[in-house]
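Participant: Take this structure, written in structure tokens, and hold onto it; I'll ask about it next.
The values are calculated or read from the model by the stated rules, or taken from the named source; none is laboratory data. Everything quoted here is computed from the prediction, not taken from an experiment. Here the Cβ is made from the backbone with ideal geometry for all residues, glycine too, and neighbour counts use every protein chain on show.
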Amino acid sequence: MGDPIRFIFIKATEGISIMDENFNENFYQAKQNGFIRGAYHFFIPEIDAERQARFFMHQVHLEPGDLPPVLDVEKRGNLSNSDLEHAVKKWMDLVESRYHVKPILYTGYKFRTSVLNNAQFDEYPFWIAHYYVKTLSYKGKWMFWQYTDAGHIDGINGDVDCSTFNGTPDELISLTLKE
């Protein structure tokens, strides 16, 4: 989209045993290079939400100036919509109590509108993935839009997910964790 890169979300954890092997170095380098950084957890529906939240919180040490933690939910697994909603809410509540900020919920357009469409999730900042469209047609509030999974950024080999923030640079900074 041509705008300067101001923020970076970095995968930290998945489930209860997978930590991205490059997370710590990438997270450190993001801050050293002046980016507003965030960390996300990839949610596995078949694994207890509390154990996943505790694993994320044990591995990720957010600091003032970082973006709120993110829960990436892309699969329902064998759970009913209701059971998945309960598990997601449990993760969000535990992580919010630790970092004292509402976590960001990340999911795709279709998943949000068909699976995680419960109004209880409207209170969370929303990061929506919806690729290969010129404009976002999602009618709800959203804070970030991941518009491609095939972006190119100088200095990075391979495709990169690219997102835009729905606000001003000052609003992005106001979203970050405080002292």
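Participant: Report those strands (runs of 3 or more DSSP E) wholly inside the stretch 1-78 carrying at least 1 residues which are surrounded by fewer than 16 Cβ atoms within 10 Å (Cβ to Cβ) and free of Cβ contacts under 8 Å to residues at least 60 places away in the same chain.
Facilitator: In the stretch 1-78, no matching strands (runs of 3 or more DSSP E) lie anywhere.
Participant: Just to be sure before I move on: is K141 modelled with pLDDT under 95 and surrounded by fewer than 18 Cβ atoms within 10 Å (Cβ to Cβ) in the structure I sent?
Facilitator: Yes; evaluated as a whole, the condition is true for this residue.
Participant: Continuing with this model, one more query. For the stretch 147-162, which positions are aliphatic (A, V, I, L, M) and closer than 14 Å to Y131 by Cα?
Facilitator: Scanning the stretch 147-162 gives A150, V160.
Participant: Restricting attention to the stretch 5-40, report how many residues are at positive phi and modelled with pLDDT of 95 or more.
Facilitator: Selection size over the stretch 5-40: 1.
Participant: Being hydrophobic (A, V, I, L, M, F, W, C) and surrounded by fewer than 14 Cβ atoms within 10 Å (Cβ to Cβ) is the filter here, so list the residues in the stretch 161-172 that pass it.
Facilitator: Scanning the stretch 161-172 gives no hits.
Participant: Kindly list, by first and then second residue, each pair from a residue in the stretch 156-173 that is in contact (Cβ under 8 Å) with a residue 40 or more places away in the chain to a residue that is assigned to a helix (DSSP H, G or I), limited to pairs with Cβ atoms under 8 Å and residues at least 6 apart or on different chains.
Facilitator: F165/E171; F165/L172
Participant: Looking at D154, D93, D122, D83, can you tell me which residue is of a type in the set (D, E) and either buried (at least 18 other Cβ atoms within 10 Å of the Cβ) or in contact with a helix residue (DSSP H, G or I) (Cβ under 9 Å, 6 or more places away or on another chain) (or both)?
Facilitator: Unique residue meeting the criteria: D93.
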